[in-house]
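Worksheet: the structure to be examined is printed underneath.
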Amino acid sequence: MRDSILSIVLNEPTFDPGLWEEVASYVQGLDDGGKPLATRIHSADEMYLYDLSMAYQSRETAAIFYFSAGQLIFRTVAEIVRWRFGSFDAVRSFLDFASGYGRSTRFLVRALAPERLSVAEVDPEAVRFQEETFGVRGIVSGPEPEALQLDRPYDVILACSFFSHLPAARFEAWLQRLQTALTPGGILIFSTHGMELLEPEADRSTSGIVFRPVSETNRLDSADYGTSYVTSEFVRSTTDRATGGEGRLLTFPFGLGGFQDLYVLLRPPLPPVLDLRLARFPRGSPDDSAIGDGVVSVEGWAVGDTDERPPDVRLFLRDTVAGFSPGEGMCGSRRRWSFSFPVSAVSPDDVVRVEAESERGLSKILVIGTLRPYLENPPESQSP
């Protein structure tokens, strides 16, 4: 039944996971007291489809993880905007570049008037969907940076998880093109995969970048858009060439959601004090799990920022806290966590997740899934 439901959902042009009970409950917790979150997703949204394929086991878990990632990106961007401009009210123009189908745009449009927010994407259908769903200005970009046509300069350009897919030559070319689109005093926010994310046995390039021609998309030539891993030295030297040595680059390892490295490029005139201090989301992962004698057990690790105590960790069963493990120990130290609960506590398709929360109140999902793939002969779900 679950597979048939997924087939129906993904064969529709768009669908709204905000109508699903557990997703609606989670999204309600993301409410910022302002505009409601637009929860309709395009069926071709590769970020949702990627989450669905990565062993998250159900449409609900993929949707929750999708919205969690979008909100995580927004909170980091909002912190940078407040530091540079005071608030979103002072941002006259914002470009969400390589925005896909709007994973982060749907959060940005709650803080910015749609006429001040533009999106650029190579897929015309993705641009059209965002124009119709969020009311933003849409730009169909191309694979070549010199062909990108923009109608105005921007105070803020966000290129989230775009440079993490580029080979060296395109990395520099796109960096050069986007920084020229900034207003005086504007900022370019972008992220990369650090070398730390490579498997230990992988060859490290002496050039500071490792590029692999594979990614979650099949819409672009993999030779031009794959997956890259870079050093901060590579990013800094590339930025110097792309900007002619102007501006200032701020670096935040694991600064985007505790995973990708984050960079903020400031175009002159610069603020008098470059004191941006980003609160980092926790990092962590499960490393052991089992089901036996009617009990589910899972354990793993978590770590917060260098000046924070280890994060608290919570177990959620159907969006209700069912376990709490307080963070203790020295600032910046890695901690262990573990939970167990009866198999009978949830149905096979109920969402189970583990979240870490930093001392500064930033939460990140460490584990999410359902029990169905791990049970022998589970009953079929009766949900519509």
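Filter segment 241-264 for residues that are surrounded by 18 or more Cβ atoms within 10 Å (Cβ to Cβ) and farther than 20 Å from PHE85 by Cβ and give the result.
Of everything in segment 241-264, those that are surrounded by 18 or more Cβ atoms within 10 Å (Cβ to Cβ) and farther than 20 Å from PHE85 by Cβ turn out to be ALA242, THR243, PHE254, GLY257, GLY258, PHE259, GLN260, ASP261.
Assuming VAL122 fulfils every condition listed in (1) aliphatic (A, V, I, L, M); (2) within 22 Å of ARG152 (Cα to Cα); (3) open to solvent by less than 10 Å² (accessible area, probe 1.4 Å) apart from one, which condition is it?
(3)
For the structure I just gave you, tell me whether PRO269 is surrounded by fewer than 16 Cβ atoms within 10 Å (Cβ to Cβ), in contact with a strand residue (DSSP E or B) (Cβ under 7 Å, 6 or more places away or on another chain) and closer than 21 Å to ARG334 by Cβ.
Working: surrounded by fewer than 16 Cβ atoms within 10 Å (Cβ to Cβ): yes; in contact with a strand residue (DSSP E or B) (Cβ under 7 Å, 6 or more places away or on another chain): yes; closer than 21 Å to ARG334 by Cβ: no.
No; evaluated as a whole, the condition is false for this residue.
Of the conditions (1) crowded, with 24+ Cβ neighbours inside 10 Å; (2) under 26 Å from ARG267 (Cα atoms), ARG103 satisfies every one except a single condition; which number is it?
(2)
Sort out which residues of segment 327-336 are within 18 Å of PHE281 (Cβ to Cβ) and either open to solvent by 60 Å² or more (accessible area, probe 1.4 Å) or among the aromatic types (Phe, Trp, Tyr) (or both), and write them in order of number.
The initial filter retains those residues of segment 327-336 that are within 18 Å of PHE281 (Cβ to Cβ), namely 327, 331-335.
Of everything in segment 327-336, those that are within 18 Å of PHE281 (Cβ to Cβ) and either open to solvent by 60 Å² or more (accessible area, probe 1.4 Å) or among the aromatic types (Phe, Trp, Tyr) (or both) turn out to be CYS331, ARG334.
List every residue pair whose Cβ atoms sit under 7 Å apart, with the two residues 6 or more apart in sequence or on different chains, where the first one lies in segment 133-150 and is under 22 Å from TYR225 (Cα atoms) and the second, anywhere, is among the polar types (S, T, N, Q).
GLY138/GLN130; ILE139/SER118; LEU148/SER141
I'd like to know if segment 348-364 contains one or more residues that are over 26 Å from the mean Cα position of the chain (by Cα), over 25 Å from ARG75 (Cβ atoms) and in contact (Cβ under 8 Å) with a residue 12 or more places away in the chain. Explain how you work it out, then say what you get.
Taking segment 348-364 first, the residues over 26 Å from the mean Cα position of the chain (by Cα) are 348.
Among the residues that remain, those that are also over 25 Å from ARG75 (Cβ atoms) are: 348.
Next, from what is left, pick out any that are in contact (Cβ under 8 Å) with a residue 12 or more places away in the chain: 348.
Yes, there is a match, as at least one residue in segment 348-364 is over 26 Å from the mean Cα position of the chain (by Cα), over 25 Å from ARG75 (Cβ atoms) and in contact (Cβ under 8 Å) with a residue 12 or more places away in the chain.
When segment 305-318 is examined, which residues are found to be under 18 Å from GLY361 (Cα atoms) and either surrounded by 15 or more Cβ atoms within 10 Å (Cβ to Cβ) or in contact with a helix residue (DSSP H, G or I) (Cβ under 6 Å, 6 or more places away or on another chain) (or both)?
ASP305, GLU308, ARG309, PRO310, PRO311, ASP312, VAL313, ARG314, LEU315, PHE316
Are there any pairs with C-beta distances below 8 angstrom linking a residue in segment 255-282 that is in contact (Cβ under 8 Å) with a residue 24 or more places away in the chain to a residue that is aromatic (Phe, Trp, Tyr) and part of a loop (DSSP other than H, G, I, E, B), with the two at least 6 apart or on different chains, and if so which?
What qualifies is GLY257/PHE281; GLY258/PHE281.
Checking the structure you have, find out if any residue of segment 223-240 is more than 30 Å from THR183 (Cα to Cα) and surrounded by fewer than 17 Cβ atoms within 10 Å (Cβ to Cβ).
Yes, segment 223-240 contains at least one residue that is more than 30 Å from THR183 (Cα to Cα) and surrounded by fewer than 17 Cβ atoms within 10 Å (Cβ to Cβ).
Quick check on my filter: what residues within segment 41-71 are of a type in the set (Gly, Ala, Ser), surrounded by 21 or more Cβ atoms within 10 Å (Cβ to Cβ) and in a loop (DSSP other than H, G, I, E, B)?
SER58, the sole residue that qualifies.
How do the pairs read when you match residues in segment 18-36 that are modelled with pLDDT under 90 with residues anywhere that are of a type in the set (Ser, Thr, Tyr), using Cβ under 9 Å and keeping only pairs 6 or more apart or on different chains?
Correct list of pairs: LEU30/SER68.
Out of everything in segment 31-40 that is out of contact with any Pro (no Cβ under 7 Å at 6 or more places or on another chain) and crowded, with 16+ Cβ neighbours inside 10 Å, what residue ends up being farthest from SER363 (Cα to Cα)?
The selected residue is ARG40.
Search segment 282-304 for residues being part of a loop (DSSP other than H, G, I, E, B) and open to solvent by 10 Å² or more (accessible area, probe 1.4 Å), and hand back the single one that is nearest to PHE85 (Cα to Cα).
The first filter runs over segment 282-304 and keeps only residues part of a loop (DSSP other than H, G, I, E, B), leaving 282, 293-294, 304.
From the residues that got through so far, the ones that are open to solvent by 10 Å² or more (accessible area, probe 1.4 Å) too are 293-294, 304.
Values: ASP293: 56, GLY294: 54, GLY304: 27 Å.
Looking at the filtered set, the residue picked out is GLY304.
Residues of segment 245-287 being among the charged types (D, E, K, R) and more than 24 Å from LEU198 (Cβ to Cβ), which ones?
GLU246, ARG248, ARG267, ASP275, ARG277
Across segment 148-166, what is the number of residues that are open to solvent by 10 Å² or more (accessible area, probe 1.4 Å), farther than 20 Å from GLY257 by Cα and not polar (S, T, N, Q)?
Summing the residues that are open to solvent by 10 Å² or more (accessible area, probe 1.4 Å), farther than 20 Å from GLY257 by Cα and not polar (S, T, N, Q) in segment 148-166 gives 4.
Give, as residue ranges, the strands (runs of 3 or more DSSP E) completely inside segment 100-208 that count at least 2 residues that are at pLDDT below 95 and farther than 21 Å from GLY86 by Cα.
Filter on segment 100-208 gives an empty set.
Would it be correct to say that PHE74 is touching a residue at least 40 places away in the same chain (Cβ under 8 Å) and in a helix (DSSP H, G or I)?
Answer is no for this residue.
Identify the residue in segment 167-202 that is buried (at least 18 other Cβ atoms within 10 Å of the Cβ) and among the small types (Gly, Ala, Ser) and, among all such residues, is farthest from ALA78 (Cα to Cα).
Among those that are buried (at least 18 other Cβ atoms within 10 Å of the Cβ) and among the small types (Gly, Ala, Ser), it is GLY194.
The values are calculated or read from the model by the stated rules, or taken from the named source; none is laboratory data. All of these numbers come straight from a predicted model, not from anything done at the bench. Cβ: placed from backbone, ideal geometry, glycine included. Neighbour counts: every protein chain shown. What goes into the accessible areas is simple: the full protein's heavy atoms, side chains included, and nothing from ligands, DNA or RNA. Shrake-Rupley method; radii C 1.70, N 1.55, O 1.52, S 1.80 Å.
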